[in-house]
Amino acid sequence: MSERAAITTRQVLRWARLVVAVLVSACALVGAVRLVAPATGGTDGEPVGVRAQLDFIRASLDDGAGDDAQQQFPEGYFFLHALYGLSWVELGMREPAGTARAEALREARWALGRLDSDAGRAAFSPELTPSYGVFYRGWTNWLRGGTLMLQSAGERDAAQTRRFADDSAALGAAFDDSESPYLTAYPGQAWPVDSTVAVASLRLHDSLLPARFTGTVERWLDGVRQRLDPRTRLLPHRVTPDTGDPVEVARGTSQSIIQRFLVEIEPVFAREQYMIFRDRYVVTPLGLGPTTREYPEGMDGPADVDSGPLPLGVSLSATVVTLGAAQVQGDASLAEGIANYGELLGVPVSTPWTKRYAFGLIPIGDAFVAWSKTARPWVAETPSPPPAHLSSWWRVPLLSLLLVIGAAPWLPALLRWRRDRPPTVPARGIGRQRLARIGSQRPGA
(Lines give C-alpha, C1' and ligand atoms only; values in the text may rest on other atoms or scores of the structure.)
Protein backbone atom coordinates (compact mmCIF):
# COMPACT_ATOMS: atom_id res chain seq x y z
CA MET A 1 0.00 0.00 0.00
CA SER A 2 1.37 3.42 -0.95
CA GLU A 3 1.97 6.07 1.68
CA ARG A 4 -0.76 8.23 0.15
CA ALA A 5 -3.27 5.37 0.25
CA ALA A 6 -2.36 4.64 3.86
CA ILE A 7 -2.94 8.27 4.78
CA THR A 8 -6.33 8.20 3.01
CA THR A 9 -7.32 5.02 4.85
CA ARG A 10 -6.35 6.55 8.19
CA GLN A 11 -8.41 9.63 7.38
CA VAL A 12 -11.45 7.52 6.48
CA LEU A 13 -11.14 5.53 9.69
CA ARG A 14 -10.73 8.70 11.72
CA TRP A 15 -13.88 10.20 10.20
CA ALA A 16 -15.77 6.93 10.66
CA ARG A 17 -14.83 6.87 14.34
CA LEU A 18 -15.94 10.48 14.66
CA VAL A 19 -19.32 9.77 13.06
CA VAL A 20 -19.89 6.73 15.30
CA ALA A 21 -18.92 8.74 18.38
CA VAL A 22 -21.33 11.54 17.48
CA LEU A 23 -24.16 9.06 16.82
CA VAL A 24 -23.61 7.19 20.08
CA SER A 25 -23.48 10.42 22.08
CA ALA A 26 -26.56 11.77 20.32
CA CYS A 27 -28.49 8.58 21.07
CA ALA A 28 -27.46 8.76 24.72
CA LEU A 29 -28.57 12.40 24.88
CA VAL A 30 -31.94 11.57 23.28
CA GLY A 31 -32.37 8.72 25.76
CA ALA A 32 -31.68 11.04 28.68
CA VAL A 33 -34.23 13.56 27.40
CA ARG A 34 -36.84 10.83 26.97
CA LEU A 35 -36.20 9.66 30.49
CA VAL A 36 -36.93 13.04 32.07
CA ALA A 37 -39.32 14.85 29.69
CA PRO A 38 -43.05 14.70 30.55
CA ALA A 39 -44.54 11.65 28.84
CA THR A 40 -48.15 11.61 30.06
CA GLY A 41 -50.82 14.24 30.09
CA GLY A 42 -52.25 13.14 33.41
CA THR A 43 -56.03 13.07 33.65
CA ASP A 44 -56.51 16.53 32.15
CA GLY A 45 -53.80 17.24 29.62
CA GLU A 46 -53.27 15.49 26.31
CA PRO A 47 -50.19 13.25 26.17
CA VAL A 48 -47.67 14.37 23.61
CA GLY A 49 -47.55 12.08 20.59
CA VAL A 50 -50.80 10.16 21.13
CA ARG A 51 -52.58 11.70 18.14
CA ALA A 52 -49.60 10.81 15.98
CA GLN A 53 -49.80 7.26 17.34
CA LEU A 54 -53.48 7.06 16.46
CA ASP A 55 -52.70 8.25 12.92
CA PHE A 56 -50.21 5.41 12.62
CA ILE A 57 -52.68 2.87 14.05
CA ARG A 58 -55.47 4.01 11.70
CA ALA A 59 -53.19 3.69 8.68
CA SER A 60 -52.16 0.24 9.90
CA LEU A 61 -55.79 -0.81 10.35
CA ASP A 62 -56.58 0.37 6.83
CA ASP A 63 -53.69 -1.83 5.63
CA GLY A 64 -55.07 -4.93 7.37
CA ALA A 65 -53.32 -4.77 10.76
CA GLY A 66 -56.47 -6.06 12.47
CA ASP A 67 -56.35 -9.32 10.54
CA ASP A 68 -52.62 -9.61 11.18
CA ALA A 69 -53.15 -9.07 14.92
CA GLN A 70 -55.77 -11.82 14.96
CA GLN A 71 -53.10 -14.25 13.76
CA GLN A 72 -50.90 -13.27 16.71
CA PHE A 73 -53.39 -12.92 19.58
CA PRO A 74 -56.74 -14.61 20.36
CA GLU A 75 -58.58 -11.27 20.35
CA GLY A 76 -56.07 -9.32 18.26
CA TYR A 77 -58.57 -7.91 15.74
CA PHE A 78 -61.01 -6.96 18.47
CA PHE A 79 -58.50 -5.35 20.82
CA LEU A 80 -56.76 -3.32 18.14
CA HIS A 81 -60.03 -1.72 17.02
CA ALA A 82 -61.45 -1.38 20.54
CA LEU A 83 -58.39 0.36 21.97
CA TYR A 84 -58.16 2.64 18.95
CA GLY A 85 -61.76 3.72 19.50
CA LEU A 86 -61.40 4.09 23.28
CA SER A 87 -58.29 6.25 22.89
CA TRP A 88 -60.23 8.59 20.62
CA VAL A 89 -63.00 8.79 23.22
CA GLU A 90 -60.39 9.77 25.81
CA LEU A 91 -58.98 12.49 23.57
CA GLY A 92 -62.44 13.73 22.67
CA MET A 93 -63.38 14.18 26.32
CA ARG A 94 -60.41 16.51 26.67
CA GLU A 95 -61.75 18.75 23.90
CA PRO A 96 -64.58 21.27 23.97
CA ALA A 97 -67.53 20.60 21.72
CA GLY A 98 -66.64 21.38 18.13
CA THR A 99 -64.47 20.12 15.30
CA ALA A 100 -61.91 18.30 17.48
CA ARG A 101 -64.57 16.41 19.43
CA ALA A 102 -66.42 15.61 16.20
CA GLU A 103 -63.27 13.96 14.85
CA ALA A 104 -62.95 11.86 18.01
CA LEU A 105 -66.61 10.80 17.78
CA ARG A 106 -66.26 9.89 14.12
CA GLU A 107 -63.20 7.69 14.71
CA ALA A 108 -64.68 6.04 17.82
CA ARG A 109 -67.87 5.21 15.91
CA TRP A 110 -65.82 3.82 13.06
CA ALA A 111 -64.02 1.48 15.47
CA LEU A 112 -67.31 0.47 17.09
CA GLY A 113 -68.71 -0.37 13.66
CA ARG A 114 -65.75 -2.67 13.01
CA LEU A 115 -66.43 -4.50 16.30
CA ASP A 116 -70.15 -4.69 15.56
CA SER A 117 -69.52 -6.78 12.45
CA ASP A 118 -69.03 -10.40 11.48
CA ALA A 119 -65.25 -9.93 11.64
CA GLY A 120 -65.49 -8.37 15.09
CA ARG A 121 -67.63 -11.24 16.42
CA ALA A 122 -65.82 -14.04 14.60
CA ALA A 123 -63.78 -15.22 17.61
CA PHE A 124 -66.81 -15.45 19.94
CA SER A 125 -69.72 -17.84 20.37
CA PRO A 126 -73.33 -16.65 19.89
CA GLU A 127 -74.49 -19.54 22.13
CA LEU A 128 -73.17 -17.95 25.33
CA THR A 129 -75.14 -15.86 27.81
CA PRO A 130 -75.13 -13.04 26.99
CA SER A 131 -74.63 -13.79 23.30
CA TYR A 132 -70.98 -13.77 22.18
CA GLY A 133 -69.84 -13.83 25.80
CA VAL A 134 -68.98 -11.29 28.45
CA PHE A 135 -65.66 -10.27 26.88
CA TYR A 136 -67.25 -9.16 23.62
CA ARG A 137 -70.33 -7.63 25.20
CA GLY A 138 -68.48 -5.85 27.99
CA TRP A 139 -65.86 -4.11 25.87
CA THR A 140 -68.30 -3.13 23.09
CA ASN A 141 -70.74 -1.78 25.69
CA TRP A 142 -67.97 0.29 27.27
CA LEU A 143 -66.97 1.75 23.90
CA ARG A 144 -70.58 2.40 22.88
CA GLY A 145 -71.14 4.25 26.15
CA GLY A 146 -67.95 6.20 25.46
CA THR A 147 -69.30 7.44 22.14
CA LEU A 148 -72.45 8.64 23.94
CA MET A 149 -70.28 10.54 26.43
CA LEU A 150 -68.91 12.63 23.58
CA GLN A 151 -72.39 14.01 22.89
CA SER A 152 -74.73 16.07 24.99
CA ALA A 153 -77.95 14.38 26.08
CA GLY A 154 -79.94 16.18 23.39
CA GLU A 155 -77.51 15.23 20.60
CA ARG A 156 -77.13 11.52 21.26
CA ASP A 157 -77.95 9.13 18.46
CA ALA A 158 -81.28 7.51 19.40
CA ALA A 159 -80.42 4.12 17.87
CA GLN A 160 -77.07 3.93 19.66
CA THR A 161 -78.67 4.99 22.92
CA ARG A 162 -81.29 2.22 22.63
CA ARG A 163 -78.58 -0.29 21.75
CA PHE A 164 -76.54 0.75 24.79
CA ALA A 165 -79.58 0.38 27.05
CA ASP A 166 -80.52 -3.01 25.56
CA ASP A 167 -76.98 -4.44 25.75
CA SER A 168 -76.64 -3.19 29.33
CA ALA A 169 -79.94 -4.89 30.18
CA ALA A 170 -78.70 -8.15 28.67
CA LEU A 171 -75.51 -7.98 30.71
CA GLY A 172 -77.38 -7.09 33.88
CA ALA A 173 -79.79 -9.99 33.45
CA ALA A 174 -76.93 -12.41 32.86
CA PHE A 175 -75.19 -11.32 36.06
CA ASP A 176 -78.46 -11.50 38.04
CA ASP A 177 -79.12 -15.05 36.85
CA SER A 178 -75.58 -16.33 37.44
CA GLU A 179 -74.39 -18.12 40.58
CA SER A 180 -70.90 -16.83 39.81
CA PRO A 181 -69.95 -13.14 39.58
CA TYR A 182 -67.84 -14.09 36.57
CA LEU A 183 -69.59 -14.82 33.28
CA THR A 184 -68.03 -16.91 30.53
CA ALA A 185 -66.07 -15.34 27.69
CA TYR A 186 -65.66 -18.59 25.77
CA PRO A 187 -67.53 -21.88 26.21
CA GLY A 188 -66.52 -23.32 29.59
CA GLN A 189 -63.97 -20.57 30.33
CA ALA A 190 -64.23 -17.52 32.58
CA TRP A 191 -61.78 -14.76 33.52
CA PRO A 192 -62.68 -12.15 36.16
CA VAL A 193 -61.11 -9.34 34.16
CA ASP A 194 -63.79 -9.65 31.46
CA SER A 195 -66.65 -9.37 33.94
CA THR A 196 -64.96 -6.37 35.58
CA VAL A 197 -65.09 -4.46 32.27
CA ALA A 198 -68.73 -5.45 31.78
CA VAL A 199 -69.80 -4.33 35.27
CA ALA A 200 -67.96 -1.02 34.76
CA SER A 201 -70.08 -0.54 31.64
CA LEU A 202 -73.21 -0.95 33.80
CA ARG A 203 -71.93 1.83 36.06
CA LEU A 204 -71.37 3.91 32.92
CA HIS A 205 -74.96 3.21 31.87
CA ASP A 206 -76.27 4.48 35.21
CA SER A 207 -74.23 7.68 34.86
CA LEU A 208 -75.64 8.43 31.38
CA LEU A 209 -79.20 7.03 31.54
CA PRO A 210 -81.70 6.44 34.34
CA ALA A 211 -80.05 4.16 36.92
CA ARG A 212 -81.18 0.54 37.01
CA PHE A 213 -78.16 -1.62 37.90
CA THR A 214 -77.25 -0.57 41.44
CA GLY A 215 -78.46 -3.87 42.93
CA THR A 216 -76.71 -5.90 40.23
CA VAL A 217 -73.41 -4.17 40.90
CA GLU A 218 -73.69 -4.57 44.68
CA ARG A 219 -74.41 -8.29 44.36
CA TRP A 220 -71.46 -8.60 42.00
CA LEU A 221 -69.14 -6.94 44.50
CA ASP A 222 -70.33 -9.24 47.29
CA GLY A 223 -69.62 -12.27 45.11
CA VAL A 224 -66.18 -10.97 44.19
CA ARG A 225 -65.17 -10.36 47.80
CA GLN A 226 -66.09 -13.96 48.64
CA ARG A 227 -63.95 -15.39 45.82
CA LEU A 228 -60.63 -13.56 46.02
CA ASP A 229 -57.41 -15.37 45.19
CA PRO A 230 -56.28 -16.82 48.56
CA ARG A 231 -52.60 -16.21 47.84
CA THR A 232 -52.78 -12.50 46.98
CA ARG A 233 -56.29 -11.41 48.07
CA LEU A 234 -56.80 -10.01 44.58
CA LEU A 235 -59.30 -11.03 41.91
CA PRO A 236 -57.95 -14.30 40.47
CA HIS A 237 -56.75 -14.67 36.91
CA ARG A 238 -59.03 -17.57 35.98
CA VAL A 239 -61.99 -19.18 37.73
CA THR A 240 -64.34 -22.14 37.41
CA PRO A 241 -67.11 -21.17 34.97
CA ASP A 242 -70.00 -22.40 37.13
CA THR A 243 -69.16 -21.18 40.63
CA GLY A 244 -66.41 -18.60 40.06
CA ASP A 245 -63.98 -20.26 42.44
CA PRO A 246 -60.32 -19.30 41.84
CA VAL A 247 -58.25 -21.78 39.85
CA GLU A 248 -55.26 -19.57 38.91
CA VAL A 249 -53.33 -17.01 40.93
CA ALA A 250 -53.79 -13.33 40.14
CA ARG A 251 -51.56 -12.36 37.21
CA GLY A 252 -50.22 -9.04 36.00
CA THR A 253 -51.77 -9.09 32.53
CA SER A 254 -55.30 -9.34 33.89
CA GLN A 255 -54.71 -7.37 37.10
CA SER A 256 -53.48 -4.30 35.23
CA ILE A 257 -56.79 -4.16 33.31
CA ILE A 258 -58.85 -4.95 36.41
CA GLN A 259 -57.20 -2.05 38.25
CA ARG A 260 -58.01 0.22 35.30
CA PHE A 261 -61.77 -0.52 35.56
CA LEU A 262 -62.41 -1.39 39.22
CA VAL A 263 -62.24 2.25 40.28
CA GLU A 264 -65.36 2.90 38.17
CA ILE A 265 -67.30 0.27 40.13
CA GLU A 266 -66.36 0.89 43.76
CA PRO A 267 -63.51 3.33 44.47
CA VAL A 268 -62.75 2.26 48.06
CA PHE A 269 -62.48 -1.44 47.18
CA ALA A 270 -60.53 -0.45 44.08
CA ARG A 271 -57.94 1.46 46.13
CA GLU A 272 -57.50 -1.54 48.46
CA GLN A 273 -56.97 -3.85 45.49
CA TYR A 274 -54.64 -1.40 43.74
CA MET A 275 -52.37 -1.07 46.75
CA ILE A 276 -52.02 -4.86 47.03
CA PHE A 277 -51.36 -5.12 43.31
CA ARG A 278 -48.77 -2.34 43.36
CA ASP A 279 -46.94 -3.81 46.35
CA ARG A 280 -46.87 -7.37 44.99
CA TYR A 281 -46.40 -6.85 41.26
CA VAL A 282 -44.75 -3.47 40.48
CA VAL A 283 -40.97 -3.84 40.74
CA THR A 284 -37.72 -2.24 39.53
CA PRO A 285 -35.53 -5.14 38.33
CA LEU A 286 -31.79 -4.52 38.60
CA GLY A 287 -32.60 -1.20 40.25
CA LEU A 288 -33.65 0.33 36.91
CA GLY A 289 -37.12 1.40 35.75
CA PRO A 290 -40.58 0.43 37.06
CA THR A 291 -42.15 -2.67 35.53
CA THR A 292 -44.92 -5.15 36.29
CA ARG A 293 -44.41 -8.80 37.11
CA GLU A 294 -46.73 -11.40 35.61
CA TYR A 295 -46.74 -13.39 38.85
CA PRO A 296 -46.48 -12.03 42.41
CA GLU A 297 -43.04 -11.58 43.91
CA GLY A 298 -41.72 -14.90 45.15
CA MET A 299 -43.54 -16.87 42.46
CA ASP A 300 -42.69 -17.65 38.85
CA GLY A 301 -44.79 -19.25 36.15
CA PRO A 302 -44.99 -19.85 32.42
CA ALA A 303 -45.39 -17.13 29.83
CA ASP A 304 -48.26 -17.15 27.36
CA VAL A 305 -49.49 -15.17 24.37
CA ASP A 306 -51.03 -12.49 26.61
CA SER A 307 -48.01 -11.91 28.83
CA GLY A 308 -45.34 -12.28 26.15
CA PRO A 309 -41.80 -13.27 27.21
CA LEU A 310 -41.06 -12.82 30.92
CA PRO A 311 -37.47 -11.60 31.38
CA LEU A 312 -36.81 -11.40 35.13
CA GLY A 313 -40.49 -12.27 35.57
CA VAL A 314 -41.64 -9.00 33.95
CA SER A 315 -44.45 -8.72 31.41
CA LEU A 316 -44.14 -5.88 28.91
CA SER A 317 -47.85 -5.86 28.13
CA ALA A 318 -48.80 -5.76 31.82
CA THR A 319 -46.33 -2.92 32.40
CA VAL A 320 -47.89 -0.80 29.65
CA VAL A 321 -51.44 -1.28 30.98
CA THR A 322 -50.28 -0.59 34.55
CA LEU A 323 -49.49 2.93 33.36
CA GLY A 324 -53.22 3.46 32.79
CA ALA A 325 -54.16 1.80 36.06
CA ALA A 326 -51.81 4.12 37.94
CA GLN A 327 -53.25 7.15 36.19
CA VAL A 328 -56.89 6.39 37.07
CA GLN A 329 -55.77 5.89 40.69
CA GLY A 330 -54.11 9.30 40.78
CA ASP A 331 -50.68 7.64 41.10
CA ALA A 332 -48.99 10.19 38.86
CA SER A 333 -45.40 9.41 39.87
CA LEU A 334 -45.72 5.74 38.92
CA ALA A 335 -47.59 6.51 35.70
CA GLU A 336 -44.95 9.04 34.65
CA GLY A 337 -42.16 6.66 35.63
CA ILE A 338 -43.51 3.82 33.50
CA ALA A 339 -44.14 6.21 30.61
CA ASN A 340 -40.58 7.61 30.74
CA TYR A 341 -39.09 4.14 30.97
CA GLY A 342 -41.15 3.14 27.95
CA GLU A 343 -39.95 6.17 26.01
CA LEU A 344 -36.39 5.03 26.65
CA LEU A 345 -36.77 1.31 25.94
CA GLY A 346 -39.70 1.32 23.51
CA VAL A 347 -37.60 2.71 20.62
CA PRO A 348 -40.25 5.24 19.51
CA VAL A 349 -39.87 6.53 15.97
CA SER A 350 -41.53 9.83 15.11
CA THR A 351 -42.20 11.58 11.83
CA PRO A 352 -44.04 14.86 11.26
CA TRP A 353 -47.23 12.79 10.92
CA THR A 354 -46.95 9.59 12.98
CA LYS A 355 -45.34 8.01 16.01
CA ARG A 356 -44.79 4.32 16.60
CA TYR A 357 -43.01 2.14 19.14
CA ALA A 358 -40.76 -0.85 18.42
CA PHE A 359 -40.40 0.48 14.85
CA GLY A 360 -44.14 -0.11 14.34
CA LEU A 361 -43.74 -3.88 14.18
CA ILE A 362 -46.62 -4.56 16.61
CA PRO A 363 -49.42 -2.00 16.13
CA ILE A 364 -51.49 -3.55 18.92
CA GLY A 365 -48.67 -2.57 21.28
CA ASP A 366 -49.05 1.04 20.13
CA ALA A 367 -52.79 0.78 20.77
CA PHE A 368 -52.21 -0.29 24.37
CA VAL A 369 -49.72 2.54 24.89
CA ALA A 370 -52.12 5.17 23.52
CA TRP A 371 -55.02 3.81 25.59
CA SER A 372 -52.91 3.76 28.75
CA LYS A 373 -51.45 7.24 28.32
CA THR A 374 -54.92 8.75 27.92
CA ALA A 375 -56.44 6.92 30.92
CA ARG A 376 -58.72 8.65 33.38
CA PRO A 377 -61.93 7.63 35.17
CA TRP A 378 -65.15 8.04 33.20
CA VAL A 379 -67.65 7.50 36.02
CA ALA A 380 -65.75 8.00 39.27
CA GLU A 381 -63.73 10.99 40.41
CA THR A 382 -59.96 10.62 40.18
CA PRO A 383 -58.91 9.43 43.67
CA SER A 384 -56.42 11.30 45.80
CA PRO A 385 -52.83 10.17 45.17
CA PRO A 386 -51.69 7.12 47.14
CA PRO A 387 -48.38 7.13 49.04
CA ALA A 388 -45.50 7.12 46.57
CA HIS A 389 -44.23 3.70 45.55
CA LEU A 390 -41.44 4.82 43.24
CA SER A 391 -38.37 6.64 44.54
CA SER A 392 -37.85 10.09 43.06
CA TRP A 393 -34.24 9.03 42.42
CA TRP A 394 -35.07 6.01 40.27
CA ARG A 395 -33.79 7.69 37.09
CA VAL A 396 -30.27 8.31 38.47
CA PRO A 397 -28.78 4.86 37.61
CA LEU A 398 -30.13 5.05 34.07
CA LEU A 399 -28.95 8.62 33.57
CA SER A 400 -25.51 7.63 34.87
CA LEU A 401 -25.42 4.71 32.44
CA LEU A 402 -26.40 6.98 29.56
CA LEU A 403 -23.67 9.44 30.58
CA VAL A 404 -21.07 6.66 30.46
CA ILE A 405 -22.35 5.44 27.08
CA GLY A 406 -22.34 8.97 25.66
CA ALA A 407 -18.82 9.73 26.89
CA ALA A 408 -17.22 6.35 26.13
CA PRO A 409 -16.54 6.93 22.37
CA TRP A 410 -14.56 10.09 23.18
CA LEU A 411 -12.30 8.59 25.85
CA PRO A 412 -9.65 7.11 23.45
CA ALA A 413 -9.26 10.46 21.69
CA LEU A 414 -8.99 12.26 25.02
CA LEU A 415 -6.32 9.84 26.23
CA ARG A 416 -4.35 10.24 22.97
CA TRP A 417 -4.57 14.01 23.24
CA ARG A 418 -3.23 13.96 26.78
CA ARG A 419 -0.44 11.59 25.77
CA ASP A 420 0.65 13.45 22.61
CA ARG A 421 0.41 17.09 23.67
CA PRO A 422 3.86 18.79 23.98
CA PRO A 423 5.25 19.40 27.45
CA THR A 424 4.85 22.91 28.78
CA VAL A 425 7.25 25.03 30.82
CA PRO A 426 5.79 25.88 34.21
CA ALA A 427 4.25 29.33 34.24
CA ARG A 428 6.44 30.50 37.14
CA GLY A 429 9.62 29.54 35.25
CA ILE A 430 8.41 31.37 32.15
CA GLY A 431 7.79 34.47 34.20
CA ARG A 432 11.35 34.47 35.58
CA GLN A 433 12.89 34.08 32.11
CA ARG A 434 10.80 36.95 30.78
CA LEU A 435 11.81 39.17 33.70
CA ALA A 436 15.48 38.35 33.09
CA ARG A 437 15.17 39.31 29.42
CA ILE A 438 13.37 42.53 30.30
CA GLY A 439 16.03 43.40 32.84
CA SER A 440 18.85 42.79 30.37
CA GLN A 441 17.24 45.18 27.88
CA ARG A 442 17.17 48.18 30.30
CA PRO A 443 19.64 51.01 29.49
CA GLY A 444 22.87 50.57 31.35
CA ALA A 445 22.17 46.95 32.18
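The values are calculated or read from the model by the stated rules, or taken from the named source; none is laboratory data. What you are looking at is a predicted structure, and each value in this text was computed from that prediction instead of being measured. FYI the Cβ positions are ideal-geometry reconstructions off the backbone, even for glycines, and counts take in every protein chain you see.
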Residue identified as surrounded by 21 or more Cβ atoms within 10 Å (Cβ to Cβ), among the basic types (Lys, Arg) and at pLDDT 95 or above among 280, 231: 280
Looking only at segment 365-418, count every residue that is assigned to a helix (DSSP H, G or I), at pLDDT 95 or above and of a type in the set (Val, Ile, Thr) and tell me the total. 1
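Pull up segment 171-220, narrow it to residues that are among the hydroxyl-bearing types (Ser, Thr, Tyr) and closer than 16 Å to residue 135 by Cβ, then point me to the one that is nearest to the chain's Cα centre (by Cα).
The extreme case among them is 196.
Quick one: in segment 323-379, which of the residues that are on the phi > 0 side of the Ramachandran plot and either charged (D, E, K, R) or out of contact with any Gly (no Cβ under 8 Å at 6 or more places or on another chain) (or both) is surrounded by the fewest Cβ atoms within 10 Å (Cβ to Cβ)?
Only one residue fits best here, namely 359.
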Residues being of a type in the set (Gly, Ala, Ser) and in contact with a strand residue (DSSP E or B) (Cβ under 9 Å, 6 or more places away or on another chain) - total across segment 124-151: 2
Here is a check on your reading of the model: is residue 242 of a type in the set (Asp, Glu) and outside any helix (DSSP H, G or I)? yes
Residues of segment 257-293 classified as more than 17 Å from residue 391 (Cβ to Cβ) and either in contact with a Cys (Cβ under 6 Å, 6 or more places away or on another chain) or of a type in the set (Gly, Ala, Ser) (or both), total: 1
Here is a list: 134, 89. Which entry is β-branched (Val, Ile, Thr), in contact with a Phe, Trp or Tyr (Cβ under 9 Å, 6 or more places away or on another chain) and within 25 Å of residue 350 (Cβ to Cβ)? 89
Across segment 162-196, the tally of residues that are surrounded by fewer than 18 Cβ atoms within 10 Å (Cβ to Cβ) and polar (S, T, N, Q) stands at 1
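Among the residues of segment 336-346, is there at least one that is among the hydrophobic types (A, V, I, L, M, F, W, C) and closer than 22 Å to residue 377 by Cα?
Scanning segment 336-346, I find at least one residue that is among the hydrophobic types (A, V, I, L, M, F, W, C) and closer than 22 Å to residue 377 by Cα, so the answer is yes.
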Could you tell me whether residue 157 is within 24 Å of residue 363 (Cα to Cα) and surrounded by fewer than 23 Cβ atoms within 10 Å (Cβ to Cβ)? no
Filter segment 340-362 for residues that are in contact (Cβ under 8 Å) with a residue 24 or more places away in the chain and assigned to a strand (DSSP E or B); which is farthest from residue 320 (Cα to Cα)? 350
